[in-house]
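Here the structure is laid out as structure tokens; the discussion comes afterwards.
Values in this text are rule-based calculations from the coordinates and carry no lab data. Since we're looking at a predicted model, the values are computed, not measured. Here the Cβ positions follow ideal geometry from the backbone for every residue, glycine too, while neighbour counts run over all protein chains shown.
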Amino acid sequence: MDVLYLDNHLLVVRKPAGMLVQGNHTGDENLLDVGKAFIKEKFNKPGNVFLGLVHRLDRPVSGVVAFARTSTSARRLSEQFRKRTVEKLYWAVVEGKAPESGTLVDYLARRQTKSRVVDNDHDRGQRAELSFERLVYADGLSWLKVNLGTGRHHQIRVQFAHSGYPLLGDFKYGSRKKFPNRSFALHARSLTLAHPTKKEPMTFEAEPEPFWPVQFT
């Protein structure tokens, strides 16, 4: 975990690929507990440390994650994510030569740990929209900059796979190529939100993992 920003209201970190954001049945190390331990040690805090989880990244995904340091900040940040006023920009490397730019609009339905594209009249279908720009094409792979218009389960992974461009290393959605560290090539490059107390917009950026293909970093 790399700390990108810290004050009395906000902790922003770079999540490494392969780490859980929140603990689960595996008992594996997770970002929330690591963040709490960091705050506890840095400020010599006794007892339990509050750290509010306001959004998540899938375990294989690296990038920017923001935590709230107070319950008030947690409420205000959660409201921003709910109202979709937070700007989330991702980098993705997909298989094949993707178009230079475009917008994808689909309806997604989730079943347990997987989502799929369904007809727009499906009873569980939720509208999913994203826009993208191709930054580089090399060696049969496309590096994309992706802006999310909605925040559906596995949205980027499902929509690009459905379009014929699965994310590099994403075996669940059709990739046949390995990617290091049991991850796939999706990185939360930047996050723009309003500071929970100052109200001013702030943008945080994080670099991808060092094992990303050199032409895509």
Q. Order of LYS83, LYS42 from fewest to most other C-beta atoms within 10 Å?
A. LYS83, LYS42
Q: Could you tell me which of PHE204, PHE50, GLY164 has its Cα farthest along the dipole of the chain towards the positive end, charges placed at Cβ (Lys, Arg +1; Asp, Glu -1), taken about the Cα centre?
A: PHE50
**Q.** Taking all pairs of distinct alpha-carbon atoms in the chain, Kirkwood radius in angstrom
**A.** 18.2 Å
Q | Cβ-based net charge around GLU209, under 13 Å, with every Lys or Arg adding one and every Asp or Glu removing one | A | +2
Q) With contacts defined as alpha carbon pairs under 8 Å and 6 or more residues apart, what's the relative contact order of the chain in percent? A) 22 percent
Q) Roughly how many Å is it from the Cα centre of the range 1-68 to that of the range 142-173, as a whole number? A) 25 Å
Q: Select from PRO60, GLY140, LEU10 the residue farthest towards the positive end of the dipole of the chain; place +1 on Cβ of Lys and Arg, -1 on Cβ of Asp and Glu, and compute about the Cα centre.
A: LEU10
Q) With a 10 Å Cβ neighbour count serving as the proxy for reagent exposure, in which order, fewest first, do LYS199, LYS172, LYS97 appear? A) LYS199, LYS97, LYS172
Q) Cross-link list LYS15/LYS88; LYS83/LYS172; LYS36/LYS145; LYS83/LYS114; LYS97/LYS177: which exceed 21 angstrom alpha carbon to alpha carbon? A) LYS83/LYS172; LYS36/LYS145; LYS83/LYS114
Q: Note down the net charge around ASP121, summing +1 for each Lys or Arg and -1 for each Asp or Glu among other residues with Cβ under 14 Å from its Cβ.
A: -1
Q: Specify the longest stretch of the chain that does not include any exposed loop site, a site being one of the GluC sites (Glu not before Pro) with a non-H, G, I, E, B DSSP assignment and at most 14 other Cβ atoms within 10 Å.
A: 101-217
Q.
How big is the dipole moment of the chain about its Cα centre under a simple scheme where the beta carbon of each Lys and Arg is +1, that of each Asp and Glu is -1, and everything else is neutral? Debye, nearest 20, please.
A. 540 debye
Q. Order of ASP58, ASP121, ASP7 from fewest to most other C-beta atoms within 10 Å?
A. ASP121, ASP7, ASP58
Q: Determine the calculated [θ] at 222 nm for the chain from helices alone, applying -39500 (n - 2.57) to every DSSP H run no shorter than 4 residues and normalising by the residue count; nearest 500 deg cm²/dmol.
A: -4500 deg cm²/dmol
Q) What are the residues whose amide H is under 5 Å from the amide H of LEU141, where those residues sit 5 or more places off or on another chain and H is modelled from the backbone? A) GLY96
